[in-house]
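These notes are about the structure you will find just below.
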Amino acid sequence: MKRNIFFKSNSAVAGVIEALLLIGLVAVIISMIQIYYIPVIMDQKEADHMDEVINQFTQLKSVIEIQAMMGALGTGEAITYTPMTSTITMGSKELPYFVSARSYGQITLIDEDDAGDYKINIQPAPADFPTGIPLTSIEYDAQNAYFVDQKYVLEGGGIILQQHNGEVMRVHPGIAIENHSGAGYIKISYFIPVYTGVAGKKSVGGYQDGYVHTNYTIDYSHSGSATFIHIYTDYPDAWEDALVNESRGVLYEYIENGYVDVQVNEGTTPNRVEITPDSKSINVDLTIAKLKVEIGYGYVVE
C-alpha cells in the first residue's frame with residue numbers, strides 16, 4: 001500500500017495575506033485621493049472654467065461693439081445684417097474613474113421687453129427714448145459643485161461679476177470722458193447696447209456649449225446737456241466701482257476735483273446710481289444701438 005505524506009506550509013496563507021494588504025493599501029490611497037485631492041482638483045477645474053467664461057464674455061462684448069460700429073457706419077447690408085455667433089461654455093464635466101460632479105450653467109437674455117424699470121434715465125431725455133433707455137443684459141449664472149457660484153452679466157456695455165460676497169465691474173462699459181475746462185462742462189460719451197429678443201430663444205442651460213447669436217438692427221444718437229443720469233440696476237455697487245474707484249473709475253478724477261457727483265440711492269426699486277453736475281455741467285454724446293439677440297441652437301430669421 002502506498003502511503004501519502006502531507007506537510008504543513010504557511011506560504012499560501014502568507015500570499016493571501018499579502019494580497020489583502022496590498023488591496024487594503026490601494027483602497028486607502030484611492031480613498032485619500034478621493035477625499036483630499038479630488039475636491040481640490042475639481043475646484044481648480046471649475047475656477048479655470050470661470051476664467052474661460054469671462055474671456056468668452058469679453059469676446060461677446062467685442063463682437064457686439066464691432067457689429068454696432070459697422071452698422072452705424074452703414075458698411076453695407078451684407079455685413080451689417082449678418083448674424084454672428086459667440087460661444088459660452090456653460091459647465092464642466094466630472095473626472096473619470098473618481099466620484100465627482102459636473103458643473104452647470106444657464107445663459108439668459110433680458111431684452112427690452114423684459115427690462116421694465118431697469119433703465120438709464122437721462123434728462124432731458126433722448127427723443128427716441130422718452131421714458132428711459134432700457135438697461136438690457138445677457139447673463140450667465142454658474143451652478144458650481146466645488147468652486148464658488150458666480151454670475152457674469154453683460155449689462156449696459158460692461159461685464160459685471162457677482163458672487164455671494166459682492167460684485168465688481170470686471171470690464172468697463174464704453175464710456176469716455178472729456179474735460180472742457182474753458183466751456184465749463186465735462187462731456188460723457190457712451191455707447192449703450194439695447195437687446196431685443198425672440199420668444200423661445202431667450203435662455204439655455206446645461207454643461208455643454210451655449211450659443212449667443214447677435215445681429216445689428218438700428219442705432220440712435222443723442223447729444224446735449226444733462227441735468228442728471230440715473231442708472232437703475234440690480235448691481236449698483238458694480239456700477240459705482242466702475243465710476244468712482246480710485247484706481248480705475250472713469251469719473252474718479254472729476255469727482256475728486258468737484259466737477260460731478262456720484263451717489264448710490266438705495267431708496268428706489270431697483271436701486272439707482274445717480275450722476276449729477278457739481279461745479280461743472282454735464283454734456284452727453286450717446287450712441288444707442290439695438291441688436292437682435294437669440295440664445296441657443298439655430299437662428300430664427302424674421
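The values are calculated or read from the model by the stated rules, or taken from the named source; none is laboratory data. All values reported here derive from a predicted model rather than from experimental measurement. Here the Cβ is made from the backbone with ideal geometry for all residues, glycine too, and neighbour counts use every protein chain on show.
Can you tell me which residue in segment 151-175 is farthest from ALA289 (Cα to Cα), limited to those that are over 15 Å from the mean Cα position of the chain (by Cα) and touching a residue at least 40 places away in the same chain (Cβ under 8 Å)?
Residue satisfying both the conditions and the ranking: ILE175.
Quick check on my filter: what residues within segment 232-270 are touching a helix residue (DSSP H, G or I) at 6+ places or on another chain (Cβ under 9 Å) and farther than 27 Å from ILE138 by Cα?
Those that are touching a helix residue (DSSP H, G or I) at 6+ places or on another chain (Cβ under 9 Å) and farther than 27 Å from ILE138 by Cα: GLU246, TYR252, ILE255, TYR259, VAL260, ASP261.
Residue by residue, here is whether (1) part of a strand (DSSP E or B); (2) surrounded by 14 or more Cβ atoms within 10 Å (Cβ to Cβ); (3) of a type in the set (A, V, I, L, M) holds:
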{"position": "ASP261", "(1), (2), (3)": "yes, yes, no"}
{"position": "THR269", "(1), (2), (3)": "no, no, no"}
{"position": "GLU274", "(1), (2), (3)": "yes, yes, no"}
{"position": "ILE288", "(1), (2), (3)": "yes, yes, yes"}
{"position": "LEU291", "(1), (2), (3)": "yes, yes, yes"}
{"position": "GLY298", "(1), (2), (3)": "no, no, no"}
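Would you point out which residue out of ASP241, ASP209 is loosely packed, with under 14 Cβ neighbours inside 10 Å, at pLDDT below 95 and not hydroxyl-bearing (Ser, Thr, Tyr)?
ASP209
Which pairs turn up if I take residues in segment 122-150 that are over 30 Å from PRO277 (Cα atoms) and look for partners that are of a type in the set (S, T, N, Q) and not in a loop (DSSP other than H, G, I, E, B) with beta carbon separation below 6 Å, at least 6 apart in sequence or on another chain?
GLU139/THR108; ASP141/GLN106; ASN144/SER103; ALA145/SER103; VAL148/GLN163; GLN150/GLN163
Conditions tested, residue by residue: (1) within 14 Å of GLN143 (Cα to Cα); (2) modelled with pLDDT of 80 or more.
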residue: ILE64; (1), (2): no, yes
residue: GLN67; (1), (2): no, yes
residue: MET70; (1), (2): no, yes
residue: GLY76; (1), (2): no, no
residue: ILE79; (1), (2): no, no
residue: MET84; (1), (2): no, yes
residue: SER92; (1), (2): yes, yes
residue: ARG102; (1), (2): yes, yes
residue: LEU109; (1), (2): no, yes
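Among strands (runs of 3 or more DSSP E) lying entirely in segment 186-232, which contain 3 or more residues that are more than 27 Å from VAL273 (Cα to Cα)?
Output list reads 203-206, 209-226.
Can you confirm whether TYR259 is farther than 30 Å from THR87 by Cα, without any contact (Cβ under 8 Å) to a residue 12 or more places away in the chain and out of contact with any Cys (no Cβ under 7 Å at 6 or more places or on another chain)?
In short, no.
Each row is one residue, and each column tells you yes or no for (1) more than 13 Å from the chain's Cα centre (by Cα); (2) acidic (Asp, Glu); (3) assigned to a helix (DSSP H, G or I); (4) at pLDDT below 90.
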{"site": "ALA47", "(1), (2), (3), (4)": "yes, no, yes, no"}
{"site": "VAL53", "(1), (2), (3), (4)": "no, no, yes, no"}
{"site": "LYS61", "(1), (2), (3), (4)": "no, no, yes, no"}
{"site": "PRO96", "(1), (2), (3), (4)": "yes, no, no, yes"}
{"site": "ASP114", "(1), (2), (3), (4)": "yes, yes, yes, no"}
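Only residues that are closer than 30 Å to THR82 by Cα and touching a Pro at 6+ places or on another chain (Cβ under 6 Å): list them for segment 263-290, please.
Residue satisfying the conditions is ALA289 alone.
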